[in-house]
Amino acid sequence: MKVIIVSILLYAITHVNGLAVMSVDFGSEWMKIGIVSPGVPMEIALNKESKRKTPSIISYRDNARTFGEDAQTVGIRFPKNSYHYLLDLLGKGINHPVVKLFQQRFPYYELVEDNERGTILFKYDDETFYSPEELMAQLLVKAKEFAEQSAHQKIKECVITVPGYFNQVERKAMLQAARLADLKVLQLINNYMAVALNYGIFRTKDFNETAQYIMFYDMGASSTTAAIVSLQTVKTKERGYVETHPQISVIGVGYDRTLGGLEIQMRLRDHLGKMFNEQKKTTKDVFKNPRAMAKLFKEAGRVKNVLSANNDHFAQIEGLLDEQDFRVQVTREQLEDLCSDVFERVGNPVEQALTTAGLSMDVISQVVLVGAGTRVPKVQDSLQKIVKQELAKNLNTDEAAALGAVYKAADLSTGFQVKKFITKDAVLFPIQIIFEREVEGDIKQVKRMLFGLMNPYPQKKIITFNKHTDDFIFNVNYADLDYLPAHEILNIGSVNLTEIVVKGVASAIKKNAGENVESKGIKAHFSMDESGLLKLVNVEYVVEKTLLQEAEEEGTFSKLGSTISKLFSGEPEKEKKEEKKEEEKPVAQETEKKEENKETPDKTNTTEEVKNTTESKTNTTKDTADQKEVKPKVVTVKEPLEASEKLLTIDEMNTNQFTASQNKLKKLDNIEKELNRRATALNSLESFVIDLQTKLEEEEYSSACTDEEKTKILTACNEISEWLYDDGIDADANTYEEKLSELSMLSRELYYRVFEHKERPEALNALHNMLNGSKNFLESARNLTKSNNPEKDIFTDVEIETLDNIIRETETWRDKEIEEQNKIKKHEPVKLTVKMISEKMAALDREVKYLVNKIKLWKPKKSEKPKEEKKVDEKKDGGEAASEATVEDGETVESEKQETPSDELVIEEPTPSEPEPIQEEKKIDPSEPSESDQHTEL
């Protein structure tokens with residue numbers, strides 16, 4: 001049902017070829033990839049294991065890079081070289097509380113500070129370091145690979161989900177990771193907005209003008225979010241028409257950055273480690289062995305999932321430490337006791353969301369569960385006690401965000417059209433402007449709110465500075481964060497975002513000074529885009545100039561002279577139109593209250609907007625008609641100012657750093673390609689050797705080669721087989737490919753002879769059928785010559801004779817070649833090839849088609865109509881009167897009725913007896929077995 005609905009909402013533009021978009025729901029533990037391609041509305045891309053979600057983990061070992069489940073396997077043996085839960089580390093310094101928590105949970109990682117940018121780096125060895133952005137970029141490349149394999153085409157554009165609590169630095173870090181992965185990010189979309197969009201696109205029929213309030217409670221691996229959204233239909237005016245569209249607006253959000261399934265898993269891991277130490281099977285401490293801790297972590301995750309559906313389960317690990325096995329029973333009650341304080345935090349995001357939305361639980365229609373963490377029974381029980389209503393489980397908790405994001409990707413791309421769905425997200429961290437102003441000799445700090453809590457975005461705003469007469473500085477900071485718990489404020493990091501220096505103020509004021517000038521202040525234009533990123537668009541000094549313009553009423557002769565001059569010159573008329581057009585430009589009244597919702601002007605040279613002041617209408621008399629009228633005009637002048645930004649948080653990658661990261665990842669890609677090429681070449685060589693040895697034991701192949709040739713091929717196969725398991729185990733791809741080429745050349749003739757002997761009977765049968773069909777056609781065509789049927793003169797005697805000769809020559813050639821081929825043994829060179837048979841069939845087919853086309857184009861000759869004078873004869877037996885046709889001079893003539901031939905020309909083409917055309921002889925590649933001998937390796 002969902003597929004049918006989405007196919008109606010979303011369809012590809014037919015003239016766009018080879019276009020697809022993707023979404024990546026990048027979680028701390030898993031990533032899910034959604035795709036939209038022509039003919040496929042929305043689907044989840046499968047990984048190489050044909051699974052719908054992939055672990056967000058990457059591992060390195062012996063220059064080999066692995067992802068997903070393969071990386072998990074490597075991570076158990078070499079946990080230090082396997083990196084996961086990277087999402088939480090984006091855009092953070094070494095002393096950030098989240099980084100400290102990460103080091104506490106996974107002590108075997110060596111994290112160092114990046115002195116250039118202030119962020120962190122993973123130390124792989126003394127010469128190799130990886131930043132979280134570089135590791136994320138490699139995972140995004142793998143996600144892109146899965147999407148392209150599912151869509152069967154290249155993909156460049158995507159939408160990526162991020163947690164709603166991501167600040168400006170974290171969002172920019174995600175965009176840089178996407179740039180390193182060579183992906184064009186159409187938008188960063190918050191998780192809860194993507195989930196709400198997926199929820200809404202299947203329920204548009206339930207929307208009306210009255211808002212419905214839905215809460216989405218999402219507990220993932222590392223965080224928990226509660227978001228309240230309103231769903232309703234709104235009317236918009238576009239292209240002159242009023243249209244009704246569904247709309248989703250985020251009105252309240254609460255979150256806990258460290259509450260999730262990972263915290264429960266870590267508690268269980270530590271509990272299992274303590275129990276193993278208490279058994280005293282070894283003198284070593286399990287907590288000091290990274291490999292043992294990785295095994296415990298994996299087993300804790302498995303047991304946690306099982307206990308969501310069972311009351312008890314056994315945790316068991318073979319060879320946990322010093323080859324000692326570990327097995328212990330864990331009950332659900334024990335797990336709940338371990339995490340009692342964790343479950344007490346379940347309701348905090350709900351209360352925070354209701355507070356920010358200004359609503360009570362009574363108006364919430366549904367509480368929809370999202371995220372794997374909500375499958376824990378204790379979480380559901382705790383949540384239900386707080387919301388006091390049934391919990392809705394009608395969303396796919398794993399794929400809802402990915403599908404909602406890919407719908408947004410299709411909407412933003414140019415290759416698809418989707419049913420419009422308006423989305424309005426909300427600001428989670430208020431942003432304010434702080435600057436200094438001199439008041440009565442004292443310096444006063446002034447604060448102005450730019451984007452308040454839960455302000456919708458995307459949105460543009462303007463802030464005006466009225467008192468500055470020289471260059472000045474103002475800061476952009478986070479503010480009013482008191483609604484958050486103290487530890488969450490620390491997790492945001494630095495609340496100071498940027499410092500902006502405005503220059504050129506004094507010269508702009510001096511340039512636009514005068515008695516008729518009124519200053520409107522210095523205006524800074526800001527925008528918050530769809531991805532939640534704050535941008536300074538431009539800064540400008542704005543003044544209004546009042547001008548007086550005299551306009552005399554033209555007399556009769558003046559108007560006449562002006563009209564005559566315009567007949568010979570179009571320029572005055574053009575200038576007048578341009579002037580009139582300039583006068584008609586509307587100018588908005590600029591006040592600080594209304595400036596917030598203004599469009600951002602283009603940053604160009606000084607522009608002017610003209611506003612005509614309207615005078616009150618009075619009764620005028622004929623005596624004052626000739627007097628001059630004074631028309632004051634107000635001109636708005638906007639002078640651009642220079643504004644430079646200085647980041648007060650973690651710096652973005654500069655050009656040199658970005659290029660270095662690109663080269664590092666490109667080197668890894670080349671190593672991986674070479675490893676894949678080597679593995680493919682090795683597999684191809686081994687398969688070819690085994691396949692060739694097996695085939696030589698079959699009668700079909702052994703009879704097609706001499707004893708000497710067979711011995712030579714088997715000797716080569718044995719030598720290569722022994723070499724593969726001895727010295728060749730460490731050979732490179734070029735060596736394997738050369739060995740395969742040599743063996744292919746040695747067995748080429750054998751494969752060629754087997755192919756010919758196998759395909760020849762089928763080709764001869766096809767030729768036989770074509771000859772029979774051609775003979776039947778020839779017999780019918782003989783009756784369509786002038787000598788045999790003058791009324792149906794279609795073919796000439798020469799054409800008939802030509803076809804007859806080709807048929808007889810082909811039959812003679814076939815019989816002779818078959819006789820000679822039968823005298824030859826199978827291991828001798830082939831006399832009658834499939835290609836020769838195909839050429840004979842092609843020649844015969846061309847001749848028959850030529851004659852068939854003549855039949856299709858042939859038309860019977862028309863008999864001449866005699867002209868007679870008009871006469872009307874009535875037939876004795878009620879026959880029809882001759883028809884009359886009007887001609888010139890008022891005369892009429894009677895046209896003689898042409899008699900239609902009773903017998904129609906029907907010639908059947910030799911299609912029924914004609915077989916399917918034989919393809920031309922294939923070029924035999926000895927490295928590939930024949931079609932019947934090919935097999936698929938599983």
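The values are calculated or read from the model by the stated rules, or taken from the named source; none is laboratory data. Source: prediction; values computed, not measured. Glycine also receives a Cβ, built like all others from the backbone with ideal geometry; neighbour counts cover every protein chain displayed.
When segment 286-310 is limited to residues that are more than 35 Å from the chain's Cα centre (by Cα) and of a type in the set (S, T, N, Q), the one that is surrounded by the fewest Cβ atoms within 10 Å (Cβ to Cβ) turns out to be Asn310.
Only a single criterion out of (1) modelled with pLDDT of 90 or more; (2) within 15 Å of Lys142 (Cβ to Cβ) is not satisfied by Lys80, namely (2). Search segment 192-230 for residues being surrounded by fewer than 19 Cβ atoms within 10 Å (Cβ to Cβ) and β-branched (Val, Ile, Thr), and hand back the single one that is modelled with the lowest pLDDT. Only one residue fits best here, namely Thr204. If you go through segment 443-495 one residue at a time, how many are in contact with a Phe, Trp or Tyr (Cβ under 6 Å, 6 or more places away or on another chain) and among the hydroxyl-bearing types (Ser, Thr, Tyr)? Number satisfying all stated conditions: 1. Among the conditions (1) in contact with a strand residue (DSSP E or B) (Cβ under 6 Å, 6 or more places away or on another chain); (2) of a type in the set (Gly, Ala, Ser); (3) under 22 Å from Gly252 (Cβ atoms), Gly220 misses just one, which is (1). Does segment 692-701 hold any residues that are assigned to a helix (DSSP H, G or I) and either surrounded by fewer than 16 Cβ atoms within 10 Å (Cβ to Cβ) or not assigned by TED's automatic domain parsing to the domain that holds Lys739 (or both), and which are they? Once the filter is applied, which keeps residues that are assigned to a helix (DSSP H, G or I) and either surrounded by fewer than 16 Cβ atoms within 10 Å (Cβ to Cβ) or not assigned by TED's automatic domain parsing to the domain that holds Lys739 (or both), segment 692-701 yields Gln693, Thr694, Glu699, Glu700. Taken over segment 468-503, the criterion of being among the acidic types (Asp, Glu) and over 30 Å from Val542 (Cα atoms) is satisfied by Asp480, Asp482, Glu488.
May I ask you to verify whether Val387 is modelled with pLDDT of 95 or more and either in contact with a strand residue (DSSP E or B) (Cβ under 7 Å, 6 or more places away or on another chain) or closer than 30 Å to Pro290 by Cα (or both)? If you could, list the steps in order and put the result at the bottom.
Details: modelled with pLDDT of 95 or more: no; either in contact with a strand residue (DSSP E or B) (Cβ under 7 Å, 6 or more places away or on another chain) or closer than 30 Å to Pro290 by Cα (or both): yes.
So Val387 fails the test.
Among residues of segment 469-486 that are small (Gly, Ala, Ser), those with a beta-carbon under 6 Å from a residue that is outside any loop (DSSP other than H, G, I, E, B) and surrounded by 14 or more Cβ atoms within 10 Å (Cβ to Cβ) at least six positions away or on a different chain give the pairs Ala479/Gln432.
For Leu648, the requirement of being farther than 30 Å from Ile492 by Cβ, surrounded by fewer than 18 Cβ atoms within 10 Å (Cβ to Cβ) and of a type outside the set (D, E, K, R) is not met.
Right, Glu817: at pLDDT 80 or above and either surrounded by 14 or more Cβ atoms within 10 Å (Cβ to Cβ) or outside any helix (DSSP H, G or I) (or both) or not? Against the criterion (at pLDDT 80 or above and either surrounded by 14 or more Cβ atoms within 10 Å (Cβ to Cβ) or outside any helix (DSSP H, G or I) (or both)), Glu817 qualifies.
Taken over segment 413-431, the criterion of being surrounded by fewer than 19 Cβ atoms within 10 Å (Cβ to Cβ) and either β-branched (Val, Ile, Thr) or over 19 Å from Ser249 (Cβ atoms) (or both) is satisfied by Thr414, Gly415, Gln417, Ile422.
I'd like the residue in segment 335-350 that is of a type in the set (D, E, K, R) and touching a helix residue (DSSP H, G or I) at 6+ places or on another chain (Cβ under 8 Å) and, out of all such residues, is farthest from Ile264 (Cα to Cα). For segment 335-350, the residue satisfying everything is Glu344.
If you check Leu121, Leu140 for being part of a strand (DSSP E or B) and either modelled with pLDDT of 95 or more or not assigned by TED's automatic domain parsing to the domain that holds Arg267 (or both), only one passes: Leu121.
Residue check: is Ser340 among the polar types (S, T, N, Q), exposed (fewer than 15 other Cβ atoms within 10 Å of the Cβ) and over 38 Å from the mean Cα position of the chain (by Cα)? It is true that Ser340 is among the polar types (S, T, N, Q), exposed (fewer than 15 other Cβ atoms within 10 Å of the Cβ) and over 38 Å from the mean Cα position of the chain (by Cα). Among the residues of segment 345-381 satisfying the criterion of being crowded, with 17+ Cβ neighbours inside 10 Å and among the hydroxyl-bearing types (Ser, Thr, Tyr), which is nearest to Ile214 (Cα to Cα)? Result: Thr356.
Here is a yes/no grid of residues against (1) touching a Leu at 6+ places or on another chain (Cβ under 9 Å); (2) on the phi < 0 side of the Ramachandran plot; (3) in contact (Cβ under 8 Å) with a residue 60 or more places away in the chain; (4) not hydrophobic (A, V, I, L, M, F, W, C):
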residue	(1), (2), (3), (4)
Ile201	yes, yes, yes, no
Asp206	yes, yes, no, yes
Thr210	no, yes, no, yes
Met215	yes, yes, yes, no
Ser222	yes, yes, yes, yes
Val229	no, yes, no, no
Lys235	no, yes, no, yes
Gly254	yes, yes, yes, yes
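Taken together, the residues in segment 110-124 that are of a type in the set (Phe, Trp, Tyr) and surrounded by fewer than 17 Cβ atoms within 10 Å (Cβ to Cβ) amount to 1.
Could you say whether any residue in segment 811-819 is touching a His at 6+ places or on another chain (Cβ under 9 Å), over 18 Å from Glu686 (Cα atoms) and assigned by TED's automatic domain parsing to the domain that holds Lys840?
Our first condition is that a residue be touching a His at 6+ places or on another chain (Cβ under 9 Å); within segment 811-819, this holds for 814.
Next, only the ones that are over 18 Å from Glu686 (Cα atoms) stay: 814.
Subsequent filtering for residues that are assigned by TED's automatic domain parsing to the domain that holds Lys840 retains 814.
Scanning segment 811-819, I find at least one residue that is touching a His at 6+ places or on another chain (Cβ under 9 Å), over 18 Å from Glu686 (Cα atoms) and assigned by TED's automatic domain parsing to the domain that holds Lys840, so the answer is yes.
In segment 437-532, counting only strands (runs of 3 or more DSSP E) that sit wholly within it, none holds 3 or more residues that are on the phi > 0 side of the Ramachandran plot. His313 meets all of the listed conditions (1) part of a helix (DSSP H, G or I); (2) surrounded by 13 or more Cβ atoms within 10 Å (Cβ to Cβ) but one, namely (1).
Does Ser721 satisfy being hydroxyl-bearing (Ser, Thr, Tyr) and surrounded by 17 or more Cβ atoms within 10 Å (Cβ to Cβ)?
Values: hydroxyl-bearing (Ser, Thr, Tyr): yes; surrounded by 17 or more Cβ atoms within 10 Å (Cβ to Cβ): no.
Here the answer is no, as Ser721 does not meet what is asked.
Reported count of residues in segment 743-792, each being in contact (Cβ under 8 Å) with a residue 24 or more places away in the chain, surrounded by fewer than 20 Cβ atoms within 10 Å (Cβ to Cβ) and among the polar types (S, T, N, Q), is 6. Of the helices (runs of 4 or more DSSP H) lying entirely inside segment 328-407, those containing at least 1 residues that are over 24 Å from Asn311 (Cα atoms) and hydroxyl-bearing (Ser, Thr, Tyr) span 348-357. Checked against (1) touching an Asp or Glu at 6+ places or on another chain (Cβ under 6 Å); (2) outside any helix (DSSP H, G or I), Ser661 passes all but a single condition, namely (2).
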